Each structure stands twice: as C-alpha cells, then as structure tokens.
Amino acid sequence: MKQILFCKKVYSRWLILLIDQLIVTFALVMSLMIINNAKYDWLFNSDLLLYLFAYNLVTVAVFIAMRIHTGIIRYSNIEDVFRVFKAVLLADALFGMVTFFGASSYLGLGWRWFAAMLVINFFISATILIVLRIGVKLLFHQLEELQNSKKEVLLIYGADAASLLIKQGLDSSPERNFNILGFIDDNRDRINKHIEQKKVYHSSSIPLLKSKCAVEKMIVMEDCTDIEGRKKAIEKCLECGIRVISVPASNHWLKGKLRLSQLPDLKIEDLLQRDPILLDSENILNELRGKRILVTGAAGSIGSEIVRQVLKCNPELVVLCDQAESPLHEMQLEVEDHFAAVQCKVFMANIRNYDRLKSLFETYRPQVVFHAAALKHVPMMENNPSEAIFTNVLGTKHLADLSIDFGVEKFVMISTDKAVRPTNVMGASKRIAEMYIQALHNYQTDLVNHTRFITTRFGNVLGSNGSVVPRFKSQIESGGPVTVTHPEITRYFMTIPESVQLVLEASTMGKGGEIFIFDMGEPVKIVDLALNMIKLAGFTPHTDIKIAFTGLRPGEKLYEELLNQTELVVPTYNEKIKISKVIYYPYVYVHRLIEELLAINCVSDERAIVKKMKEIIPDYVSNNSHYNELDVVC
C-alpha cells in the first residue's frame, strides 16, 4: 500500500497538496490579522492552533475529494482554475458551518466579523492558489522558450472554432519551437479583433506580416468550408514564400495533442480544390444498391476510386477487373480492410481477351458496368497506335457486345476530353470507342430489355497515374529540374474523387446514348502548377529548383478543347454536368469501319492504322506528330 501511495509519480501530488495547505493556512492567518486590525496578541492564543488544525482538515478533505492536487500545474487551464475557485469556496463554507458557534468565544469575533473573515480568506486563498498555477505555467513555457531560441512564426487560416482548436492543439504540443502570430480571415466582423490574445488579420496583410514578422508558415484545416477565401490566402502565401501546411479534420486529432512537425505540407490538389459538388446521393444509392457491378481498370486511379465510392452504396456484388497483378492485389487488400461487409470478387483479365471476358459475364452476371480500363498516355500511344486500338477500341467493343448479350442494364464508359477534335492517336481511339457504343445503343433500341450505354468525358485528373503531379513531385524531390513541355500549355484539372462523383451522378441521370461532359473549372497553366508545387515544397523556383521547357510531345497540343460552350451542349439539372451534342452514326456503318480498322491493326501497319482512323474521324488532325503528313494526303 505504501508503494502505491508514495511511488515517484505520486510524490508531486502530495507536494502540491502540502503547498496548497500552507497557502490556505497563510491566507487564514492574514484574514484574521485584517479583521483584528493587524494586532498580534491573538496569534499567541492556543485556541487559534485548534482552528487552524480544523481548517486544514476541512481543506485537505475538500481538495482531495475534488482532486485539486492531481493536476499537472504547467498544463493548467480555465477548468482547473474554476475547480480551485469552487474548492476554496466549498472549504470555507464547510468550515464556517462547523465552527460558527464557537468563533465568538475562542477567537473573540462576532458572527458578522467571522463571516467577513471567511470572505476575506476566500479571496486571498483563491487568488494565491490561482496565481501560483498560472505563474508556474508561464514560467514553464518561458523556460521552454529559452531552450528554443529560434522560433518559427506561424499564421492560422480562419478565425472560427476549428481554427481555435488548431491553436489550442499547438499550445498543448510538447514542441515549443514556434510562435503563433495570429489568424487570417477576410470576414469583416472578425478583422482586427483578438482570439486568445492573437490578432485576426485580413489576407491582404500577409505580405506585410512576412516582411515585418518573418512569418514562415500558415496552417489550414483540411475541411475548411471557405474554399475561395482559403485559396486566396494560400496564393498570397505562395507569392511571399510562406509555406502552407495542412491540418487533418478536427475529429482526427481532437483527442490528442497536435505536433507541428507531423503536419504535412499542403497538396497541390488542395490548392486547386473548388466548391464541393452537390450530388443527388439518394438517386445514386437507389441506382446501385443491391446490384451486381463490374468495374474494369479497377486497379487504376479512376477505377479504384469508382470501386471505393460504389462500395459505399451497399451493392450485392462488386467485381474488380484488371490485368495489372500487383496494383490489383493492393486494391484487393484495401477492399478487405475497409469494406469487409460487401462481397467483392477479383477477376484478373485483359479486356482484349473476349473469351476471358465472356467467362466473367457468365460467372457473375453484372447488371452495371463501369468501363475505366484504357491506355491513356498520349506520347506512348502516338508511338504504339496498334496497342491503342487493341485496348481502347477492341476491348471496349468486347465489353459492349457482351453487355448486350448478358442483359446488362447500364454500361458507363470513362472517356476523355482528348476525344474532342482529337490531335493524337489516344484521343482518336477513345472517340472511335465512343462512336461504337453510341451506335450500338441506338441499334438495340428495339430490344425489350436493352442496355443503356452512357459515356462520360472529363479532362486531366490530379494525382492519377498519368498526371503531371507525381512527375513534378518526383523531380522536385530529386532536386530538379522540373520539366514542362511549353510555357503556354494549359490544361483542365479535376481531383479523382470529384471526377468519380460526377461519373456516378451522370450514370444515374443517363437514359442511354448520351455523352456527358463535366465542368472542369478554369484552365490551369502547367508552368504555374509547377511553380506552385515548388513553392509548396518550400523551395524557391528558378533558384533552388529550375524549370526546363522541353517542347511539345508527339500528339500534344497547347490548349484542350473547351467543353462547355453553350452551342455545343445541353444542360442537365446538375450545373456541373452537360450533354454533348454529337453526330450519331448508324451501327452498320460504324461496325464496318471498326472491323476494317481492326483488320488493318492485325497487320501492324502503323501508318495504315492512323490513316484509317483519320478516315473514320474527319476532324482528327495530328499535332506535333510524324503522322501530320497523312493529314495532307487525307
């Protein structure tokens, strides 16, 4: 028992209790002196010792019951201060009730003077006990600051409850090598006000704060709702060379302390983030709940995200189809870890293999197909057009034909904006695939239970396997240079979750035969993307990390086609999704052209393959490619 009571961790508790008792005893004596006009003769009254002993018994009992002595003083907060306040008040009240009737005879005080003495004692005791705790806390922090002479100056974006949580989390951190300068917020009602002694600044003040106070970092919350304001503040920081670091949503760290050293830098996806997409979640759930769903390209960037979001809709079965062994295995492990309750099957197959795909359809009888498998690298396909035809055209044809044969309800194809007036083999192959499934949809409309074929088009996806972002990141980590093809090249970008959300929404609203295009926002200069990524990594562009321009790659163009021109599209109930007006071709005509293309493809005559593609797609004009000469002939 003694070992439990007096182990090393408990010594400090009893020491705190002893100090507290000395303080309350001193306060009681001081109160009596004040009431007795600072006369000392009563100090030698033996009855005073009895009262002091009684008072200490009461205060010890109250302090232990309320666990005043168990707190770590250097971490004292408002709650601890209030607890001390209540403990002293309760102790004085109990002591007054126990000793009131004997106060006059033993201490020579009337009941009014005795009550006044208790009030004075309360204020003296509470004040000293609270000041002691605050003083120790300040002293502890001051000693830590002396040990950390170099401090990082921080700003926190936002002046709301979430931002205050960030500050309090950092204040509780064992790291003390930083100084929180204040908050950034453009809300007029908050500017120039103070939150816990920290000033709220307008985002326009960031350059001034950088020059005057040497601000090094700004912290932003991942789930910040003011996306436009946050983006504006981040851009200001990047212009001034201030690093931006991202804090997880508060529910991930609220129970623990926040460590500045563990916070990641802001990702480029966060900088380009737009307003949240408003989806008709109920329609998506109703469309996919209880269905057997096939996802091709399930191990890829888009396909894997489709799998994740589809699994949340409580389907009967999800079949993950891909030919990439290791990525498919990783996806299987992820599904088993996070979606164990949903039945999933992994089916390794190449979509070029008709017999293998037929086995898949016979075994699992999918009701909805999301077709994300494709070859998508523009320069690679420019040099290997036969591969683009085998996968993007023949593979899509196999899946579409089998979908009709096995009564699939809905077939959703993931296409690309590069299929619009294509300038490269990849875009042209995807356009031919689009033409086929559209023609096939119209061809089988006489069937009672026909398959609805839907195409979705969007641009570049941040963080995907074919995105420039992983390439730039790798180049920055290796010290540069960061290679950009052309200083004026621009692209439209979406995040992977955003693009898949729109795919699911389009799949629910599609009646069949449509090509849905997505609002990609404003185009982004690739060189600006590179500059921002260098700044986010904490480097100075052109000084620490060079940027090199390598020239347009085969099949690449400076500007992607604008997909949201009013005269080319029909709006839907979701402002971010529109239906493209395209020419429909008869199935017999498209089927004949594709059979001819596939026959040429088997011969592996690349020039003849591309020439046939240009015949099928009259507006296919090669750009920066050795196939340019075919445009003159055609």
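The values are calculated or read from the model by the stated rules, or taken from the named source; none is laboratory data. Not measured: the values here are computed from a predicted model. As a convention, Cβ positions derive from the backbone with ideal geometry for all residues, glycine included, and neighbour counts pool all protein chains shown. For the accessible areas, the whole protein counts, side chains as well, though only heavy atoms, and no ligand, DNA or RNA atoms are used. Shrake-Rupley method; radii C 1.70, N 1.55, O 1.52, S 1.80 Å.
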Would you pick out the residues in the stretch 532-547 that are more than 21 Å from the chain's Cα centre (by Cα) and open to solvent by 40 Å² or more (accessible area, probe 1.4 Å)? F539, T540, H542, T543, D544, K546
F453 being open to solvent by less than 10 Å² (accessible area, probe 1.4 Å), among the aromatic types (F, W, Y), assigned to a strand (DSSP E or B) and free of Cβ contacts under 8 Å to residues at least 60 places away in the same chain: no
Wholly within the stretch 247-351, helices (runs of 4 or more DSSP H) carrying at least 3 residues that are at pLDDT 90 or above: 301-311, 325-338
Can you find a residue that is of a type in the set (K, R), open to solvent by 40 Å² or more (accessible area, probe 1.4 Å), under 60 Å from the mean Cα position of the chain (by Cα) and modelled with pLDDT under 60 anywhere in the stretch 70-86? yes
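For the stretch 476-487, indicate whether the set of residues that are within 28 Å of I526 (Cα to Cα), open to solvent by 30 Å² or more (accessible area, probe 1.4 Å) and of a type in the set (G, A, S) is non-empty.
Filtering the stretch 476-487 down to residues within 28 Å of I526 (Cα to Cα) leaves 476-487.
Subset that is open to solvent by 30 Å² or more (accessible area, probe 1.4 Å): 477-479, 481, 483, 486-487.
Among the residues that remain, those that are also of a type in the set (G, A, S) are: 478-479.
Looking for residues that are within 28 Å of I526 (Cα to Cα), open to solvent by 30 Å² or more (accessible area, probe 1.4 Å) and of a type in the set (G, A, S), one finds at least one in the stretch 476-487, hence yes.
Among the listed residues K193, K150, K167, which satisfies the condition of being surrounded by fewer than 16 Cβ atoms within 10 Å (Cβ to Cβ) and modelled with pLDDT of 80 or more?
Details: K150 fails: modelled with pLDDT of 80 or more; K167 fails: surrounded by fewer than 16 Cβ atoms within 10 Å (Cβ to Cβ).
That would be K193, the only listed residue that is surrounded by fewer than 16 Cβ atoms within 10 Å (Cβ to Cβ) and modelled with pLDDT of 80 or more.
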State all residues of the stretch 201-231 that are modelled with pLDDT under 85 and surrounded by fewer than 19 Cβ atoms within 10 Å (Cβ to Cβ); if no residue qualifies, say none. E222, D223, T225, D226, I227, E228, G229, K231
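Against the condition open to solvent by less than 10 Å² (accessible area, probe 1.4 Å) and within 26 Å of the chain's Cα centre (by Cα), how does A341 come out, does it pass? Break it down stepwise before answering.
Values: open to solvent by less than 10 Å² (accessible area, probe 1.4 Å): no; within 26 Å of the chain's Cα centre (by Cα): yes.
So A341 fails the test.
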Hey, A599 hits all of (1) open to solvent by 30 Å² or more (accessible area, probe 1.4 Å); (2) under 20 Å from E514 (Cα atoms); (3) modelled with pLDDT of 90 or more but one; which does it fall short on? (2)
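Do you know which residues across the stretch 572-591 are aromatic (F, W, Y) and open to solvent by less than 70 Å² (accessible area, probe 1.4 Å)? Reasoning before the result, please.
We begin by selecting, within the stretch 572-591, every residue aromatic (F, W, Y); these are 573, 584-585, 587, 589.
Scanning the stretch 572-591 gives Y585, Y587.
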When the residues of the stretch 501-533 are filtered to those that are touching a helix residue (DSSP H, G or I) at 6+ places or on another chain (Cβ under 9 Å) and small (G, A, S), which remaining residue is nearest to C313 (Cα to Cα)? S507
With the stretch 363-446 as the region, which helices (runs of 4 or more DSSP H) entirely inside it contain at least 3 residues that are closer than 23 Å to L320 by Cβ and more than 36 Å from the chain's Cα centre (by Cα)? 396-405
Considering only residues that are in a loop (DSSP other than H, G, I, E, B) and either free of Cβ contacts under 8 Å to residues at least 12 places away in the same chain or not polar (S, T, N, Q) (or both), which ones fall in the stretch 598-634? D605, I617, P618, D619, Y620, V621, H626, Y627, C634
Can you spot a residue in the stretch 428-450 that is free of Cβ contacts under 8 Å to residues at least 24 places away in the same chain and within 30 Å of T543 (Cβ to Cβ)? no
Selection count, the stretch 232-250, where residues are open to solvent by 70 Å² or more (accessible area, probe 1.4 Å) and of a type in the set (A, V, I, L, M, F, W, C): 0
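Provide a single number: the residues in the stretch 460-487 that are of a type in the set (D, E) and at pLDDT 85 or above.
0
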Where L155 falls short, out of the listed (1) modelled with pLDDT under 75; (2) under 44 Å from the mean Cα position of the chain (by Cα); (3) among the aliphatic types (A, V, I, L, M): (1)
In the stretch 505-529, what residues are farther than 25 Å from E228 by Cα and open to solvent by less than 10 Å² (accessible area, probe 1.4 Å)? A506, S507, G510, G513, I515, F516
